[in-house]
1. Being without any contact (Cβ under 8 Å) to a residue 12 or more places away in the chain, open to solvent by 30 Å² or more (accessible area, probe 1.4 Å) and closer than 21 Å to Leu293 by Cα narrows it down to one of Pro43, Pro39, so name that one.
2. For the condition more than 15 Å from the chain's Cα centre (by Cα) and surrounded by 15 or more Cβ atoms within 10 Å (Cβ to Cβ), what is the one hit in Gly94, Gly111, Gly104?
3. Need at least 3 residues that are surrounded by 21 or more Cβ atoms within 10 Å (Cβ to Cβ) and touching a residue at least 12 places away in the same chain (Cβ under 8 Å) per element, so show me which helices (runs of 4 or more DSSP H) inside the stretch 252-326 make the cut, counting only ones lying wholly within it.
4. Given the conditions (1) modelled with pLDDT of 95 or more; (2) assigned to a loop (DSSP other than H, G, I, E, B); (3) under 30 Å from Thr138 (Cβ atoms), and given that Lys85 satisfies all but one, which numbered condition is not satisfied?
5. Are any residues in the stretch 117-128 of a type outside the set (Asp, Glu) and open to solvent by 10 Å² or more (accessible area, probe 1.4 Å), and if so, which ones?
6. Tally the residues that are assigned to a loop (DSSP other than H, G, I, E, B) and either of a type in the set (Asp, Glu) or open to solvent by less than 40 Å² (accessible area, probe 1.4 Å) (or both), restricting the search to the stretch 150-168.
7. Could you pull out the residue among Phe123, Phe48, Phe98 that is touching a residue at least 24 places away in the same chain (Cβ under 8 Å) and out of contact with any helix residue (DSSP H, G or I) (no Cβ under 6 Å at 6 or more places or on another chain)?
8. Could you figure out which of (1) open to solvent by 30 Å² or more (accessible area, probe 1.4 Å); (2) more than 18 Å from Arg300 (Cα to Cα); (3) of a type outside the set (Val, Ile, Thr); (4) in contact (Cβ under 8 Å) with a residue 24 or more places away in the chain isn't true of Met133?
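The values are calculated or read from the model by the stated rules, or taken from the named source; none is laboratory data. Just so it is clear, the model here is predicted, and its values are computed rather than measured. Positions of Cβ are backbone-derived with ideal geometry, glycine not excepted, and every protein chain shown enters the neighbour counts. For the accessible areas, the whole protein counts, side chains as well, though only heavy atoms, and no ligand, DNA or RNA atoms are used. Shrake-Rupley method; radii C 1.70, N 1.55, O 1.52, S 1.80 Å.
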Amino acid sequence: MSFRLAQKLKRSCTRLVSSALPRTGSKTNFTHDLQYLNPHEMPTIPTFRVLDNHGNIKTSDAPKLTDEELVEIYKKMSLLSKMDKILLQSQRQGRVSFYMTCSGEEAAVIGSAAALQDVDTVFTQYREVGVFMWRGFTLQDIMHQCFSTHKDNTKGRQMPIHYSAKHLNIQCVSSTLATQVPNAVGYAYSNKIKGINAVTVAFFGEGAASEGDVHAAMNMAAVLRCPTLFICRNNGYAISTSTEDQYAGDGIAVRAIGYGMRSLRVDGNDLFAVHRAVSDARKVAIENSCPVLIELMTYRVGHHSTSDDSTAYRSIDESKLLEQGR
């Protein structure tokens, strides 16, 4: 290649790069060194917690909850646990066709619900019946749904655990993984246009986070600056697939950075940490009109559902050990 041709090519490339980069939306600096970003050399996202392993409060960031509020939270968590056992037994006896327990995830679900306001619209996945209970969905309402009676809100047309409570500002549960997440973003965008001072909440599991709907929803929420809380329950298993076989990166929280949104990783078994994180994220989302991703690190003690036998892919000792440490 002649020197003159090389100079012309250089000038053309320089003009092309200089004019194209500002339109990519990437705030970047030029470098003459070819550098890879190695995830194994980068720090992992820390997990926020309030309590230590002995139940002592170790930070000034603990939520200011009254004794009455704490008692009510404890009652709802205990009620959820007991109800799960009864409905699980009912399914084994053939009284209901299907059920999914929340064992091990009570603090993650109830703690989140307690930190939200009634004006916030919630889109759940299928392990958040505690959110319904916190907002006033009664045991009778739950039984009508699971037993498919005519007094159910959907007149018994849905399969068990597909609760619906429009009057409580909670959308109907859907079996199809992650479809609720883009719906939540659309709802949040609508509220933003209307000037409604609230957040829209999308619950999902770390398994559902692999669905394309979640990625599309996060990108849309970040670009349109929709006040949305993405709450991911990372309970270690997507049915039989452990997190080691689901992703190679640093969990779910790190993905938010790529979409340009704030994120938190929280000890999902620490009620105080969950409440503090969700309460603060709600404030941030409303004040900045932006989405926030919260990854709640917890553990699914029970089977995925009554159609699953978790002893086929994890040891009984594992679940018993973690259940005792709750």
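1. Sole residue among the options that is without any contact (Cβ under 8 Å) to a residue 12 or more places away in the chain, open to solvent by 30 Å² or more (accessible area, probe 1.4 Å) and closer than 21 Å to Leu293 by Cα: Pro43.
2. Details: Gly94 fails: surrounded by 15 or more Cβ atoms within 10 Å (Cβ to Cβ); Gly111 fails: more than 15 Å from the chain's Cα centre (by Cα).
From the options Gly94, Gly111, Gly104, the qualifying one is Gly104.
3. Correct list: 271-288.
4. (2)
5. Step one: of the stretch 117-128, the residues of a type outside the set (Asp, Glu) are 117, 119, 121-127.
Within the stretch 117-128, Gln117, Val119, Phe123, Tyr126 meet the criteria.
6. Selection size over the stretch 150-168: 8.
7. Phe98
8. So the condition that Met133 fails would be (1).
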